[in-house]
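Asker: For reference, the structure I am asking about is given below.
The values are calculated or read from the model by the stated rules, or taken from the named source; none is laboratory data. Source: prediction; values computed, not measured. Here the Cβ positions follow ideal geometry from the backbone for every residue, glycine too, while neighbour counts run over all protein chains shown. Accessible surface is based on the protein model in full, side chains and every heavy atom, while ligands, DNA and RNA are left aside. Shrake-Rupley method; radii C 1.70, N 1.55, O 1.52, S 1.80 Å.
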Amino acid sequence: MTESKITCHQRTFNGVNVYYECHNYHPDKPAIVFIHGFLSSSFSFRRLIPLFEDTFSIITLDLPPFGRSEKSLTFHYSYKNLAKIVIELIEYLKLKDVVLSGHSMGGQVCLNVAKLKPSCVSKLVLLCSSAYLGPSHYGLVMSSYVPFFYLWVKTWLSRKGVLGNLQNVVFDHKLIDEEMIDGYTEPFLDDRTFMALTRMIRDREGDLSSKDLQHIKKPSLLIWGEEDRVVPLHLGRKLKDDLTDSTFISLKEIGHLLPEECPDIVQSHMVDFLYGEKALSQ
């Protein structure tokens, strides 16, 4: 394995400041763009990235308002707008043969990219992807205009604590260590995150419909944990049916946080999907 070269960047895409990382980036190499889930960041892929660095340019980004990206109170936090950030990043870096891989909410952003600009994507890898959620409830949207509503959002999201939230998304609790707890604690330390999440509650337009999904023709790999409590297995199977060129894999005794729980297994299935029989002969 070659020594990893990581560069960190801040740049404005679609009107908002975005933090992103390039791992062993070269414009002539095929690229994987990893997109994290809700209340997460590029941190969630730290165990998966090293498994691909030798053969791919790896790009990760923090979707606003998470991680080190801007917590704007004016940005429109729709999936469409988040997807436009990813598209502008891909075009700015002149990435080739892009594999988009998204976890949870990040999977829905990937699907929106494939819908908005199919030419940006060669293949999709969806890890316990968000699917079939509607827009925020009208009453919740109206409540978001109440002064200091963000404090209720913070209280609601923090009610179980970081450890409790991780225990809900990881099947084998022995995997939860201090590094993981510290990495997922960060969003809860900055009130600006919850102020921006108040906007996200208003702006979320809902996941793509079955009709929209059926128009996405990109080869897609769907990997699911059979113990996923956040996006249950049956939703993954439905998503497989709606994506006409897709492969579905379920993993026993695995929960929602696939990149943390089983990076080696995810990497193995991704290599088989990306290279097919060529991978078996190597």
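Asker: Once you put a point 7 Å from the Cα of Asp191 and another 7 Å from the Cα of Leu151, both along the Cβ direction, what distance in nm separates them?
Answerer: Roughly 0.8 nm, to one decimal.
Asker: Just by accessible area at a 1.4 angstrom probe, what is the order of Asp28, Asp54, Asp190 from largest to smallest?
Answerer: Details: Asp28 105, Asp54 75, Asp190 35 Å².
From most exposed to least exposed: Asp28, Asp54, Asp190.
Asker: Please build a GNM for the chain, connecting alpha carbons under 10 Å apart, and tell me which residue among His23, His103, His173 fluctuates the most.
Answerer: It is His173.
Asker: Between Tyr275 and Glu253, what's the calculated FRET efficiency when r is the beta-carbon distance and R0 is 22 Å? Round to 0.05.
Answerer: Values: r = 27 Å, r/R0 = 1.22.
Efficiency computed from Cβ-Cβ geometry: 0.25.
Asker: Listed highest first by mean packing, meaning other Cβ atoms within 10 Å per residue, what order do 162-172, 4-14, 222-232, 33-43 come in? Working shown, then result.
Answerer: On the way: 162-172: 16.9, 4-14: 13.0, 222-232: 20.1, 33-43: 23.7.
The peptides rank, most packed first, as 33-43, 222-232, 162-172, 4-14.
Asker: So, one more: Let me have the 222 nm mean residue ellipticity of the chain computed from DSSP H runs of 4+ only, each contributing -39500 (n - 2.57), with the sum over all residues rounded to the nearest 500.
Answerer: Details: 12 runs with 110 residues, N = 282.
Helix-only estimate at 222 nm: -11000 deg cm²/dmol.
Asker: Additional query: How far, in nm, would the chain grow between Tyr92 and Thr74 when pulled straight, counting 0.36 nm per residue and subtracting the alpha carbon separation? Before the final figure, lay out each step's value.
Answerer: Numbers: separation 18, 0.36 × 18 = 6.48 nm, distance 2.34 nm.
Separation in residues times 0.36 nm, less the Cα-Cα distance, equals 4.1 nm.
Asker: Rounded, prolate or oblate for the stretch 27-100? Axes are the square roots of the Cα gyration tensor eigenvalues, ordered a ≥ b ≥ c, and the cut-off for rounded is a/c under 1.5. List each step's numbers first, then the result.
Answerer: Details: a/c = 2.71, a/b = 1.47, b/c = 1.84.
Oblate, since a/c reaches 1.5 and b/c is not below a/b.
Asker: Could you order the peptides 142-153, 256-267 from most to least packed, using the average number of other C-beta atoms within 10 Å per residue? Don't jump to the answer; show the numbers that get you there.
Answerer: Numbers: 142-153: 13.8, 256-267: 20.8.
The packing order, highest mean first, is 256-267, 142-153.
Asker: I've got another one for you. Placing unit charges on C-beta atoms (Lys and Arg positive, Asp and Glu negative, everything else neutral), compute the dipole magnitude of the stretch 1-104 about its Cα centre in debye, rounded to 20.
Answerer: Values: 11 positive and 10 negative charges, 49 e Å.
That gives a dipole near 240 debye.
Asker: Just check the chain against the gyration tensor rule for me: Cα atoms, a ≥ b ≥ c as the square roots of the eigenvalues, rounded for a/c under 1.5, and otherwise prolate or oblate depending on whether a/b exceeds b/c.
Answerer: Working: a/c = 1.36, a/b = 1.32, b/c = 1.03.
Here the chain falls in the rounded category.
Asker: Roughly how many nanometres apart are two label points built 7 Å out from the Cα toward the Cβ at Arg46 and Ser210?
Answerer: 4.1
Asker: Taking a cut-off of 29 Å between Cα atoms, list the lysines near Lys174, but don't count ones fewer than 8 places away on the same chain.
Answerer: Hits, sequence-local ones excluded: Lys154, Lys160, Lys252.
Asker: To continue, here is another question. Report, in degrees rounded to the nearest 10, the 0 to 90 angle that the Cα long axis of helix 263-275 makes with the longest principal axis of the chain.
Answerer: Taking Cα atoms only, the helix is inclined about 50 degrees.
Asker: Just going by the charge dipole of the chain, with Lys and Arg at +1 and Asp and Glu at -1 on Cβ, which of Met142, Gln267, Val18 is farthest out on the positive end?
Answerer: In the chain, that residue is Met142.
Asker: At 1.4 Å probe size, with the rest of the protein present, what percent of the exposed accessible area of the stretch 64-172 is carbon and sulfur atoms? Mind showing how you got there, number by number?
Answerer: Details: 2870 of 4770 Å².
Carbon plus sulfur share of accessible area: 60 percent.
Asker: Which of rounded, prolate, oblate describes the stretch 75-216, given a ≥ b ≥ c as roots of the alpha-carbon gyration tensor eigenvalues and a/c under 1.5 marking rounded, otherwise prolate only if a/b is larger than b/c?
Answerer: On the way: a/c = 1.85, a/b = 1.30, b/c = 1.42.
Oblate, because a/c is 1.5 or more while a/b does not exceed b/c.
Asker: Near Lys94, which lysines are there with a Cα under 23 Å away, not counting those fewer than 8 places off in the same chain?
Answerer: Lys5, Lys29, Lys80, Lys84, Lys115, Lys117, Lys123, Lys217, Lys218
Asker: Just the number, please: percent antiparallel of the DSSP beta bridges in the chain, rounded to the nearest 5. Don't skip to the end; give the middle numbers.
Answerer: Working: 12 of 38 bridges.
DSSP beta bridges in the chain are roughly 30 percent antiparallel.
Asker: Order 44-51, 177-184 from most to least packed using the mean count of other Cβ atoms within 10 Å.
Answerer: Working: 44-51: 20.6, 177-184: 14.1.
Averaged packing, sorted descending, gives the order 44-51, 177-184.
Asker: Which value in nm describes the separation of the simple spin-label points at Leu233 and Arg11, placed 7 Å from the Cα toward the beta carbon?
Answerer: 4.2
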